[in-house]
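My structure is below; once you've seen it, I'll send some questions.
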Amino acid sequence: MEQQRRAALDGWYHETQTSQQRHTLLDPCQTNESDSFLLGLEQRIEPSLRRLLTQRNGLLFAAQTAYNKLFPKNVSLSRHQTLSLYDRLSSALTVAQVTGIQPLCTHFAARLAPLNCPDASRESNIRQTHLAQYARLLATQPTLINREMLKQLSDVGLSAQDIVVFTQLIGFVSFQARLLAVINALAGRPATVLPGFSHPEEAKQSGFSLQLRRWQSFLPEVDLTQATREQLDVLDFSAPDARDSSFYRLLLQDAGSLEALSALTTHIMQQPGDEKSALKEWAAAATSRINGCLYCAGIHGRYYLETGGASGHIDSLFLEPEPQHTPTVEQDSRVKAVKTLTQTPEKFDASALQLLLDAGYTHQQTLDILLSSALFSWLNRLIQTLGTSELA
């Protein structure tokens with residue numbers, strides 16, 4: 001089992017196994033406005049429930065840092081960094097719109113409004129069209145993204161670093177939207193569904209199993225012999241074996257967002273003492289199954305079993321069309337809640353939250369499940385689109 005665990009590290013981001021004190025790389029002085037992640041929505045929650053969220057200050061700080069890295073006040077363009085602030089915010093608005101979370105749409109629209117539009121040249125129009133189409137597809141149906149689509153991004157002028165940043169920001173806004181949906185549910189606010197709003201179907205993916213898979217990037221990775229000291233520090237901060245990981249070496253193209261993502265993943269997925277949580281691992285596997293991510297589903301399905309989870313729970317997720325095990329009420333409630341948050345976050349309201357509470361979970365456990373699910377709406381999109389995995 002230990003050999004299998006170490007093999008999973010080759011290209012995997014979650015096996016951080018780092019303690020909380022290693023988060024000192026993130027500098028509190030780097031944050032901008034304190035409400036650009038939660039947007040002040042947490043103030044609507046009853047105080048005792050609000051503390052469940054605000055006491056996770058490390059998580060919120062890492063999330064705010066990720067926002068600041070991906071959407072700074074200014075972006076200096078260069079040969080390797082051509083993704084302008086307008087490109088970033090317009091793409092974020094596209095993702096917010098397809099998630100249907102209105103406060104997030106309002107936020108990005110407000111940030112985008114004062115910026116100058118790109119020139120109206122044919123090349124610029126083609127580039128903007130590609131960015132919008134890619135952002136919309138990745139936000140709704142990540143299994144449809146393929147290597148040719150990455151090449152099309154390169155063809156309209158995006159560098160490898162640009163593509164990494166672009167994918168990171170789409171994943172981040174997908175995560176942010178789902179966390180805001182959870183906050184609205186905690187506040188007891190009803191879901192608001194726009195007329196004619198279309199929803200993605202569950203990914204039509206097959207081949208889910210607990211077998212070990214290896215991941216390889218489609219894009220050029222950072223050459224560690226040419227890496228800066230700062231880049232190497234971020235790599236070592238992210239995971240013990242990150243230098244041997246294709247995934248980490250690729251995300252190192254944008255060290256700032258990788259650092260924030262690694263800290264956020266640790267805060268959400270690991271218990272005190274670096275222990276794994278069965279509830280969080282199940283939520284990660286279930287979300288990955290819904291999104292069609294073979295790689296993540298397999299790894300976190302194994303972790304779920306390692307933490308004492310029932311094999312029938314994984315069988316009911318992976319086996320199609322008829323599971324061998326009939327789900328219990330508890331399992332069925334978990335699936336319904338996670339599926340709603342993953343596929344239709346704008347529909348996730350107090351009644352969806354109540355499914356987990358009625359199944360016997362505390363508010364703390366419920367939040368653990370939903371935070372893990374929201375995180376993997378980000379991580380799945382990175383794994384599914386920036387490379388490929390094969391059975392080891």
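Restricting region 248-267 to residues that are within 14 Å of Thr228 (Cα to Cα) and among the aliphatic types (A, V, I, L, M), which is surrounded by the most Cβ atoms within 10 Å (Cβ to Cβ)? Explain how you work it out, then say what you get.
First, pick out the residues of region 248-267 that are within 14 Å of Thr228 (Cα to Cα): 249, 252-256.
Add one more test, that the residue is among the aliphatic types (A, V, I, L, M), and what stays is 252, 255.
On the way: Leu252: 26, Ala255: 22.
Per the criteria, the residue is Leu252.
Could I ask something else about it? Which of the residues belonging to region 341-371 are under 22 Å from Arg56 (Cα atoms) and touching an Asp or Glu at 6+ places or on another chain (Cβ under 8 Å)?
Matches in region 341-371: none.
Does Lys151 meet the test of being under 30 Å from Phe348 (Cα atoms) and not β-branched (Val, Ile, Thr)?
Against the criterion (under 30 Å from Phe348 (Cα atoms) and not β-branched (Val, Ile, Thr)), Lys151 does not qualify.
Among the residues of region 21-48 satisfying the criterion of being of a type in the set (A, V, I, L, M, F, W, C) and modelled with pLDDT of 95 or more, which is surrounded by the fewest Cβ atoms within 10 Å (Cβ to Cβ)?
Here is the first cut: in region 21-48, the residues of a type in the set (A, V, I, L, M, F, W, C) are 25-26, 29, 37-39, 41, 45.
Of the ones still in play, those that are also modelled with pLDDT of 95 or more are 37-39, 41, 45.
Numbers: Phe37: 24, Leu38: 20, Leu39: 16, Leu41: 21, Ile45: 20.
Here the residue is Leu39.
Right, another one. Give the residue, chosen from Arg302, Arg249, that is out of contact with any strand residue (DSSP E or B) (no Cβ under 8 Å at 6 or more places or on another chain) and of a type in the set (D, E, K, R).
Arg302
Can you give me the number of residues within region 46-93 that are aliphatic (A, V, I, L, M), assigned to a helix (DSSP H, G or I) and touching a residue at least 40 places away in the same chain (Cβ under 8 Å)? Write out each step before concluding.
So in region 46-93, the residues aliphatic (A, V, I, L, M) come out as 49, 52-53, 59-60, 62-63, 66, 70, 75, 77, 83, 85, 89, 92-93.
Filter again for assigned to a helix (DSSP H, G or I), leaving 49, 52-53, 59-60, 62-63, 66, 70, 85, 89, 92-93.
When the remaining residues are screened for being touching a residue at least 40 places away in the same chain (Cβ under 8 Å), the result is 49, 52-53, 59, 62-63, 66, 70, 92.
Result for region 46-93: 9.
Further question on the same structure: Could you tell me which of the residues Ser277, Ser262 is under 22 Å from Leu341 (Cβ atoms), touching a residue at least 40 places away in the same chain (Cβ under 8 Å) and of a type in the set (Gly, Ala, Ser)?
Exactly one of Ser277, Ser262 is under 22 Å from Leu341 (Cβ atoms), touching a residue at least 40 places away in the same chain (Cβ under 8 Å) and of a type in the set (Gly, Ala, Ser), namely Ser277.
Just name the residue that is modelled with the lowest pLDDT out of those in region 203-244 that are within 19 Å of the chain's Cα centre (by Cα) and hydroxyl-bearing (Ser, Thr, Tyr).
Ser238
Still on this structure, please answer the following. Need the failing condition index for Lys151 against (1) over 27 Å from Ala297 (Cα atoms); (2) free of Cβ contacts under 8 Å to residues at least 12 places away in the same chain, just the number.
(1)
Out of (1) within 23 Å of the chain's Cα centre (by Cα); (2) surrounded by fewer than 23 Cβ atoms within 10 Å (Cβ to Cβ); (3) aromatic (Phe, Trp, Tyr), the odd one out for Tyr361 is which?
It fails just one condition, (1).
For a quick check of your reading: which helices (runs of 4 or more DSSP H) sit entirely within region 94-199 and have at least 1 residues that are among the charged types (D, E, K, R), in contact with a helix residue (DSSP H, G or I) (Cβ under 6 Å, 6 or more places away or on another chain) and modelled with pLDDT of 95 or more? Explain how you work it out, then say what you get.
On the way: elements: 102-112, 122-140, 147-155, 160-186.
Counting at least 1 such residues, we get 102-112, 122-140, 160-186.
Would you check if Ser288 is among the hydroxyl-bearing types (Ser, Thr, Tyr) and more than 22 Å from Tyr361 (Cα to Cα)? I'd like the intermediate steps shown before the answer.
Working: among the hydroxyl-bearing types (Ser, Thr, Tyr): yes; more than 22 Å from Tyr361 (Cα to Cα): no.
The answer is no for Ser288.
The values are calculated or read from the model by the stated rules, or taken from the named source; none is laboratory data. Because the structure is a prediction, the values reported are computed rather than measured. Ideal geometry is used to build each Cβ from the backbone, glycine not excepted, and the neighbour counts take in all protein chains shown.
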